[in-house]
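Enquirer: One structure is given below, represented as structure tokens, and several questions about it will come after.
A short reminder: the numbers here are calculations on the coordinates, not readings from a lab. Note that the structure is a prediction, hence the values are computed from the model and not measured. Cβ placement follows ideal geometry from the backbone for every residue including glycine, while neighbour counts extend to all protein chains displayed.
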Protein chains: 2
Amino acid sequence: MPIFLPKEPSRKEMLMTAVLYALSDEIRLGIVRQLAAKGEQACGVFEVDRPKSSLSHHFRVLRESGVVSTRKDGKTLLNTLRSEDLEKRFPGLLKAVLKG
Amino acid sequence: MPIFLPKEPSRKEMLMTAVLYALSDEIRLGIVRQLAAKGEQACGVFEVDRPKSSLSHHFRVLRESGVVSTRKDGKTLLNTLRSEDLEKRFPGLLKAVLKG
DNA sequence: ACCATAGTTCGATTTTATTCGAACTATACC
DNA sequence: GGTATAGTTCGAATAAAATCGAACTATGGT
């Protein structure tokens, strides 16, 4: 089977509850904060006390909710925060979450 | 056993992840929206397609995270959104959630 | 071709949440 | 005291999430 990155929802498809749920976990929130601080990052750079299969699960939750976008770049997957989409869809939300 | 309303966290004790989690459920988010729109409300006025034991569970999650405060008034429990505490602790968050 | 690296997917297990009925507490009213 | 109302608590069942190792895909380098 080929690798399928789960389809990322369009801006309009983003659900408030799904976004809040994705952000309601310490690990995922940590990832989001780091993406906000450092910009595009590969999955592997996150120092999380979990095996990569677990990390991969958390990235999937972030992607499926629309919080993070992922693109392939050679051997690695580069993740970005969908700040602009989030801001358009849920104005002020991401900023408030990142502040806290 | 006496009825214990779970202790509501102080402003400082509120956790971002717990608040986001509490808000990440359609039923609870509906309750929060209605409280925001109509102010203090008894548990019973919410028209939710769930038995009262389930509703009670959702109110508990809202209370324990700090989103809602509950006071007794005779026979009923009156719930309020802790808007001010939330705004102080997580500026902009509640407003952004209610907009979406 | 071979090996290493990056990350996903699968499958099984464990943990955590939700759900609901039934029993309970507390208050109000007659 | 008895009855009704409001909502909680308990306990058990179900559902959903998280966790992790092992197998896998894809790419890059030698």
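Enquirer: Average partner chain C-beta neighbours within 10 Å, per residue of A:83-96?
Expert: 3
Enquirer: Next up: Along Cα→Cβ at 7 Å, what distances in nm separate the A:Lys38 label point from those on the other copies, shortest first?
Expert: Output for A:Lys38: 4.8 nm, nearest copy listed first.
Enquirer: Calculate the mean, over all residues of peptide A:11-23, of how many other protein chain Cβ atoms lie within 10 angstrom of the residue's Cβ.
Expert: Neighbouring Cβ atoms belonging to other protein chains average 4 per residue here.
Enquirer: List the distances, in nm and shortest first, from the label point of A:Ser69 to the matching label points in every other copy, placing each point 7 Å from Cα along the Cα-to-Cβ direction.
Expert: Between copies, matching label points for A:Ser69 lie 4.2 nm apart.
Enquirer: Could I ask something else about it? Copy-to-copy spacing for B:Glu84, label 7 Å out on the Cα-to-C-beta vector, in nm, shortest first?
Expert: From this label point to the equivalent ones elsewhere in the assembly: 4.1 nm.
Enquirer: Average partner chain C-beta neighbours within 10 Å, per residue of A:46-55?
Expert: Mean partner shielding for this stretch: 0.
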